[in-house]
Amino acid sequence: MGFEKGHQKSRKIFDKVWTDEEVIALGEELLIWMQKNDKNKDIVHASNFYGAEKGIPKSEWKKILQRAYFLPYYEQLLEWLGRKLINNRNISTRIADRFIDMYLTDLLDHEKEKLKTQLELERQYKIDDKIHATPEEIDHNKKIIDALLALQAQKDASY
């Protein structure tokens, strides 16, 4: 009976056009659900809400995430899930790392930008060596690159 009920609920919202009012109402339901489940250590993924609680298929959830009015609610969910993972001492490091890769895209973007900068600087070191710059020029360029890396490290520390 439970499966049939959930299955019927899912079929009703499959390929639905979500209005602004509906995504806002869903966001408000999400906030209430988060408060209700704050101490529940078994909840570690958004699918606990959209799939198990609401019966929303993943394809529909992806559409909802594209709606501007839902984004503030979703960002609160991500922060809440991240905090739950950090506070859950039983969670493995591997799962925590996967969570960061999956949900904290701003952190992932920052890491990509940092890597891109580092690779560019390494490429510049190689170019300096290939053009047969004078030792003074190479030393000067390395000092500039080291200063840039130090600034990047300070920026990283502020995250």
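The values are calculated or read from the model by the stated rules, or taken from the named source; none is laboratory data. Because the structure is a prediction, the values reported are computed rather than measured. Ideal geometry is used to build each Cβ from the backbone, glycine not excepted, and the neighbour counts take in all protein chains shown.
Structural remarks
- Looking only at region 69-94, and only at residues there that are of a type in the set (D, E, K, R) and at pLDDT below 85, the one that is surrounded by the fewest Cβ atoms within 10 Å (Cβ to Cβ): Arg89
- Only a single criterion out of (1) modelled with pLDDT of 85 or more; (2) within 30 Å of Gln152 (Cα to Cα) is not satisfied by Phe99, namely (1).
- Selected residue (criterion: surrounded by the fewest Cβ atoms within 10 Å (Cβ to Cβ)) from residues of region 8-37 that are modelled with pLDDT of 85 or more and in a loop (DSSP other than H, G, I, E, B): Thr19
Table: residues versus (1) of a type in the set (S, T, N, Q); (2) touching a Cys at 6+ places or on another chain (Cβ under 6 Å); (3) under 18 Å from Asp15 (Cα atoms).
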{"residue": "Leu30", "(1), (2), (3)": "no, no, no"}
{"residue": "Lys63", "(1), (2), (3)": "no, no, yes"}
{"residue": "Gln66", "(1), (2), (3)": "yes, no, yes"}
{"residue": "Tyr69", "(1), (2), (3)": "no, no, no"}
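- Any pair with Cβ under 7 angstrom, 6 or more apart, that starts in region 58-84 at a residue that is basic (Lys, Arg) and ends at one that is modelled with pLDDT of 90 or more: Arg67/Val23
- Filtering region 46-68 to residues that are within 16 Å of the chain's Cα centre (by Cα), closer than 17 Å to Ile32 by Cα and surrounded by fewer than 15 Cβ atoms within 10 Å (Cβ to Cβ) leaves only Ser47.
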